[in-house]
Amino acid sequence: MALHCGIFSFRSVASHPLSSVKFSQPTVKASTFASPLTPPIVKLNVRGKAVPGDGTPETKESPLVVCFGEMLIDFVPTVSGLSLAEAPAFKKAPGGAPANVAVGISRLGGSSAFIGKVGEDEFGYMLADILKDNNVNHEGMRFDPGARTALAFVTLRSDGEREFMFYRNPSADMLLQEDELDLDLIRKAKIFHYGSISLITEPCKSAHIAAAKAAKDAGVVLSYDPNLRLPLWPSEDSAREGILSIWETADIIKVSEEEISFLTKGEDPYDDAVVRKLFHENLKLLLVTEGAEGCRYYTKEFSGRVKGLKVDAVDTTGAGDAFVAGMLSQLAANLSLIQKEEELRDSLKFANVCGALTVTERGAIPALPTKEAVLDALLKPVS
């Protein structure tokens, strides 16, 4: 597999069908230390089993957002509107929704950490470098010597929307184990953010549940973006059941219109009564993203809509993650926003612009905006 300047030729994988890709045995324990070939930048001074934190009040005041889940390589076509087979070449781009959010928060000036597993391979080392370069705490990152870093080939339609084909069979992110969690890091967070992909298979599912429980027990706010990827689940029913299995533990949930339709088995995502069915007793904030149109927000006290920023979309990969990063960066600094509608609306305008700016470039992490770029866009008059 040859990589030159980030461009990947599809020709080099054409002879390897998806079903023939065999990455690893799931019983291999991860190495938390770099191999001799690892660049010094990715050597992590952490142990496989984290020591519990002391729960001092000072850590609870930290604006840290810990993101849990997958980090992978997206291969994005250099030409939009073609099928994977027709695409002449691909640009490699770091991705994975939780990692995107972590980098997005850091790029906006916030404090973030990532917990997950990658392969002890060149792509895994590259992803660790990217987290470090973006000032994301990666003490909770693990390397698996027997499994490869996940890959995703992304088809870009002419309108910038995407379809995915994943190579993870299994990939390293699926093999994170409970005893590899950095529980001290989790307990230091103000917000613990995650998706649903980490719920699909063991042992990562158990690690996910244990991490969320540790966060909840420590008084950390739980943020959930299901990030539905149907091809990764055994069936639609298992996806719906898996996503909803942890629904009522979250304090903040972000969903898309499509995900509402999926979770409610085809009901109208624009009907407030339908959306309210997803609002559970302990939920503090439910956000519904509507792409270029903006978003809707629901709390126990109020609800409304915030318009989006219209841009020319090139690639929508990572737009929802950029939105989440924008919102969580604001909430980490001031959780009381949830009770103050006008301040919440201002934060959602900020988050909408984060998402809009991200679709103007290819790839997720490479396109995530800085705080300065977002503020500049907010100051521009709306045409």
Sole residue being open to solvent by less than 20 Å² (accessible area, probe 1.4 Å) and in a helix (DSSP H, G or I), chosen from 207, 189: 207
Answer yes if at least one residue in segment 163-173 is surrounded by 18 or more Cβ atoms within 10 Å (Cβ to Cβ), at pLDDT 95 or above and in contact with a helix residue (DSSP H, G or I) (Cβ under 6 Å, 6 or more places away or on another chain), and no otherwise. no
When (1) open to solvent by 20 Å² or more (accessible area, probe 1.4 Å); (2) closer than 17 Å to residue 251 by Cβ; (3) in contact with a strand residue (DSSP E or B) (Cβ under 6 Å, 6 or more places away or on another chain) are applied to residue 324, the one that fails is (1)
If only one of 313, 351 is surrounded by 14 or more Cβ atoms within 10 Å (Cβ to Cβ), at pLDDT below 95 and small (Gly, Ala, Ser), which one is it? 313
Could we say that residue 108 is at pLDDT 95 or above, of a type outside the set (Val, Ile, Thr) and within 15 Å of the chain's Cα centre (by Cα) here? no
Quick one: what pairs do we get from segment 296-308, first residue more than 16 Å from residue 280 (Cβ to Cβ), second surrounded by fewer than 16 Cβ atoms within 10 Å (Cβ to Cβ) and hydrophobic (A, V, I, L, M, F, W, C), C-beta under 9 Å, 6+ apart or different chains? 307/382
Exactly one of 75, 114, 123 is in a strand (DSSP E or B), among the aromatic types (Phe, Trp, Tyr) and either over 15 Å from the mean Cα position of the chain (by Cα) or modelled with pLDDT under 90 (or both), and that one is 75
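The values are calculated or read from the model by the stated rules, or taken from the named source; none is laboratory data. Since we're looking at a predicted model, the values are computed, not measured. With ideal geometry, Cβ positions are generated from the backbone for all residues, glycine too; neighbour counts draw on all protein chains shown. Accessible surface areas use protein heavy atoms only, side chains included; no ligands, DNA or RNA. Shrake-Rupley method; radii C 1.70, N 1.55, O 1.52, S 1.80 Å.
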